[in-house]
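Every read-out reported here was derived from the displayed coordinates using simple, explicitly stated rules and does not represent laboratory data. Every value quoted in this text rests on a predicted model; they were computed, and no experiment measured them. Cβ coordinates were reconstructed from backbone atoms using ideal geometry, including for glycine residues, and neighbour counts include every protein chain displayed.
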Amino acid sequence: MKAVIYQGERSIAVEERPDPTIQAPGDAIVRITTTNICGSDLHMYEGRTEVEEGTVLGHENMGVVEEVGPGVTRVQKGDRVSVPFNIACGTCPSCLGGWTSFCERTNPIEGMQGAAYGYANMGPYDGGQAELLRVPYADFNLLGLPEGTDFENDFTMLSDIFPTGWHGTELAGMQPGDSVVVYGAGPVGLMAAHSAMIRGASEVFVVDQHPDRLKLAASIDCIPVDFSQTDPVEVVLEHTKGTGADRGVEAVGWQAHDPAGEEHPELVLDNLVKSVKAHGGLGVVGVYVPADPKSPGAAAEGRIGFDYGTFFTKGQQMGTGQAPVKRYNRQLRDLIIAGRATPSFLVSHELGLDEAPVGYDNFDKRLDGWTKVLLKP
Ligand SMILES: NC(=O)c1ccc[n+]([C@@H]2O[C@H](COP(=O)([O-])OP(=O)(O)OC[C@H]3O[C@@H](n4cnc5c(N)ncnc54)[C@H](O)[C@@H]3O)[C@@H](O)[C@H]2O)c1
Ligand SMILES: [Zn+2]
Ligand SMILES: [Zn+2]
């Protein structure tokens with residue numbers, strides 16, 4: 001099969017690899033129909049992780065079941081499925097508690113909980129930016145979809161970013177009628193904004209500096225805020241009579257930067273603390289890492305000096321971490337089918353697998369108009 005391979009900093013290639021095989025009775029093999037490039041892939045692409053050269057990338061996968069192991073009873077050959085990015089066993093304490101993103105069995109790396117396809121530190125699993133993908137614990141992990149090809153570009157957001165955006169609003173404790181500020185208008189931020197609107201937000205501010213991404217935020221009736229032109233904290237405070245938004249979502253991550261591109265890992269956390277009300281909630285789904293030698297100062301060791309003093313004084317709450325996709329993907333699938341959610345609004349490019357290097361390069365540069373790239377093997 002053909003697969004997208006990480007070759008080193010800012011270098012990927014499409015190569016021939018052996019087809020995956022059933023390795024455990026609960027495995028399934030999925031023939032990929034759509035697989036997306038994620039902002040999380042860019043952390044690896046930019047050489048900011050310890051991902052090994054030769055890794056097959058891709059954790060946002062959907063397709064049709066090609067083969068099942070002898071222990072698989074629910075899922076069948078021919079089923080159209082969405083593959084959550086979390087690889088979960090279904091029976092450990094974390095999985096039983098609904099926290100599939102912290103599965104205690106699937107990541108063999110000492111001290112790590114939670115596994116994913118084609119990702120640094122998330123276990124020895126190949127990714128799905130390929131023609132075929134092996135899925136462990138298939139009965140537990142795979143989400144069934146209506147057969148055919150309807151809603152393909154909406155359903156493809158169910159493997160990660162739509163549940164992740166929704167999780168951001170959930171971690172923030174969002175209730176109907178709340179005002180919400182979302183930092184980052186990348187795919188995850190736009191999904192958080194879409195989720196907040198569906199959940200009945202009174203108003204949603206979306207902060208970024210890329211005009212194309214802010215335009216998409218405006219297209220779903222959110223208030224775009226360009227941080228290269230104005231101070232986002234002031235804008236939110238002005239709109240909320242000085243108290244701040246009820247909830248805030250962080251969809252940027254530790255590579256947060258100023259308008260000139262210089263990284264300040266604490267910048268967005270500080271802005272969240274300042275622009276959300278006292279006793280408000282913060283949902284942090286942008287990724288922060290325990291170590292990155294290329295980060296400035298103490299952030300190289302994961303120590304990020306955000307304004308904890310004001311955070312405490314305001315009595316805010318913060319939730320963090322990888323999203324447990326399975327907690328939300330069924331309901332979000334049904335919102336898509338019912339026409340109440342259309343996460344495909346942010347798709348900008350549909351490319352063949354061979355064009356993955358171009359897709360990575362342009363999405364990484366956040367070139368105008370490159371908001372979300374889908375690969376169609
Ligand atoms: N928690 C999870 O389960 C999960 C899942 C998927 C992705 N993520 C993470 O979510 C983050 C966003 O992913 P994405 O796919 O949207 O990627 P992205 O990198 O395309 O989007 C990030 C956006 O943040 C903007 N930004 C940078 N500095 C900013 C600042 N100071 N203020 C406001 N906006 C700023 C950028 O312009 C960019 O548009 C990444 O860190 C990714 O790893 C987390
Ligand atoms: Zn992703
Ligand atoms: Zn588990």
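Miscellaneous remarks
- Potential lengthening of the chain between T73 and K314 amounts to 81.6 nm, from the contour at 0.36 nm per residue minus the alpha-carbon distance.
- Calculated P(r) tail over 26 Å for segment 107-257, as whole % of Cα pairs: 38 percent
- In segment 179-293, Cα pairs under 8 Å separated by at least six residues give a relative contact order of 26 percent.
- Average projection area in nm² (convex hull over Cα atoms of segment 161-220, one quarter of hull surface): 3.3 nm²
- Remark on the chain: Rg and Dmax equal 19.8, 62 Å (Cα only).
- Sorted from longest to shortest, the spans of the Cα atoms of segment 1-112 along the three principal axes equal 41, 33, 22 Å.
- Orientation-averaged projection of segment 164-320 equals 8.2 nm² [convex hull of Cα atoms, one quarter of hull surface area].
- Helical mean residue ellipticity (222 nm; -39500 (n - 2.57) per DSSP H run of 4+; nearest 500) of the chain: -6500 deg cm²/dmol
- Scaling the Cα radius of gyration of segment 67-177 by the globular reference 2.2 N^0.38 Å produces a ratio of 1.14.
- Fraction of alpha-carbon pairs over 21 Å apart in segment 16-80 - percent: 39 percent
- Kirkwood hydrodynamic radius over Cα pairs of segment 307-352, then Stokes diffusion coefficient at 20 °C and 1.002 mPa s, in µm²/s: 148 µm²/s
- For H279 and E53, a Förster radius of 35 Å and the Cβ-Cβ distance give a FRET efficiency of 0.15, rounded to the nearest 0.05.
- For M318, residues with placed amide H under 5 Å, excluding near neighbours: L282
- Efficiency of FRET from Cβ geometry, R31 and S202, R₀ 45 Å, rounded to 0.05: 0.55
- Charged side chains reduced to their Cβ positions (Lys and Arg at +1, Asp and Glu at -1) give the chain a dipole of some 1080 debye around its Cα centre.
- For segment 1-90, the list of trypsin sites (Lys or Arg not before Pro) that fall in a loop by DSSP and count at most 14 other C-beta atoms within 10 angstrom reads R10, R74, K77.
- When the Cα convex hull of segment 283-340 is projected onto planes of every orientation, the mean area is 6.4 nm².
- Rounded FRET efficiency, nearest 0.05, which uses the C-beta distance separating I337 from E104 and R0 of 30 Å: 0.35
- With 5 Å bins from 0: P(r) over segment 89-134, alpha-carbon pairs, percent: 5, 26, 24, 21, 15, 6, 1
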